[in-house]
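Coordinate-derived values only; no laboratory data. Bear in mind that the values here come from a model prediction, so they are computed numbers and not experimental data. Here the Cβ positions follow ideal geometry from the backbone for every residue, glycine too, while neighbour counts run over all protein chains shown.
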Amino acid sequence: MRLFGKTNIDFMKQRRKWYIISAAVILIGMISLTIKGIDYGIDFLGGTELIVQFQQPVQISDVRSALNRVGLGRAEIKTFGSPRDILVRTVEQGEGNAIGDKIQSSLKEQFPSNPYTVLKEDKIGPKVGAELRKNAMYAVIASLIAIWLYVGVRFKFIYGLGAVIALFHDVLVTLGMISIFDGVFNLEISQNMIAAFLTLVGLSVNDTVVIFDRIRENQKIFRSMPLPELINKSLNETLSRTIITSGTIFIVLIVLLVFGGEVIRGFSFALTIGIVTGTYSSIYMASAVVLEWALRSKKEAKLID
């Protein structure tokens, strides 16, 4: 199935303009990360997280007053989906479920005529949180190295480098967007979010491998064709497949983002941004790196297996 029919878009001619756009987006994201930072979930910070659902809407200020009386006034408090759902997160540590019990007791005292149901309660020790942060970073780095080796062995070293640069670009853009839109969607880095990053790495490299495979096939058929023209031909031939695959995933992610609720909102947001940047980077980053290397080193012939 071809969505666009036969196209003849000169992707590589515009690559430097897109380099600038990518650099600007990443820079904005890094500025946001520097100024605003990023919120970590209880998985990575350690402490206690409690999500309760009241029968009637409550005010954040009233919840804050209740926690002030038990010495937890510095806890993070925010609505979680609706005015009836409240998330309370504190880095205070205590034996067993002491902190969670203290929070619940203060809420019962503050809202005696507005009972609530505990939807979720998590307690993570600080050492466990630090270990999870370290392991999450190692997981992302290991996935990038593994992909570099796989693509490098299947194609050429420069193809693997192009794929990793594109994936690193995707991770930076997505991380920056999470920081920028944190106040809108209540996003935070949790284990679900790390799973989203690893998933978007896999989805993005899938598009990249398909494009690289077509480039390699066309190099064997059109040996006298200049490399920029050959890469454009390959990108146009795989464009419909790329848009259809990414588009169907994008539609599902939008549905999850809108209707999936707070629990998976961070996961769906990260993947929504990632699928867009991954599709773009497969064209304007991964393929462009191969072209830049060939043009600068005059090694077009060596790109053919």
- Note on the structure: Projecting the Cα atoms of V153, I244, I231 onto the charge dipole of the chain, where Lys and Arg contribute +1 and Asp and Glu -1 at Cβ, the residue farthest towards the positive end is I231
- Note on the structure: Mean projected area (nm²) from the convex hull of Cα positions in the range 150-229 is 6.6
- Cα centroid separation, the range 11-35 to the range 194-269 (Å): 19
- Message: Placing unit charges on C-beta atoms (Lys and Arg positive, Asp and Glu negative, everything else neutral), compute the dipole magnitude of the range 3-95 about its Cα centre in debye, rounded to 20.
- Response: 760
- Expressed as a whole-number percentage, the relative contact order of the range 14-162 with C-alpha contacts under 8 angstrom and at least six residues apart is 29
- Message: Students often get this wrong, so check it: of K156/K220; K13/K220; K102/K123; K13/K156, which have C-alpha atoms separated by over 18 Å?
- Response: K13/K220; K13/K156
- At most 16 other Cβ within 10 Å, DSSP loop - trypsin sites (Lys or Arg not before Pro), the range 191-263: R223
- the chain: relative contact order as a whole-number percent, Cα under 8 Å and 6+ apart: 26
- Per DSSP, loop trypsin sites (Lys or Arg not before Pro) in the range 134-178 with at most 13 further Cβ within 10 Å: none
- Of the residues G162, I124, T90, the Cα lying farthest along the dipole of the chain towards its positive end, which is defined by charges on the beta carbon of Lys, Arg, Asp and Glu, belongs to G162
- Query: Could you state the number of Å between the C-alpha centres of the range 131-176 and the range 44-119?
  - Reply: 39
- Cα centre as origin, Lys/Arg/Asp/Glu Cβ charges: the chain dipole, Debye: 1280
- Message: Rounded to the nearest 20 debye, what is the charge dipole size of the range 183-305 about its Cα centre when +1 sits on each Lys and Arg Cβ and -1 on each Asp and Glu Cβ?
- Response: 460
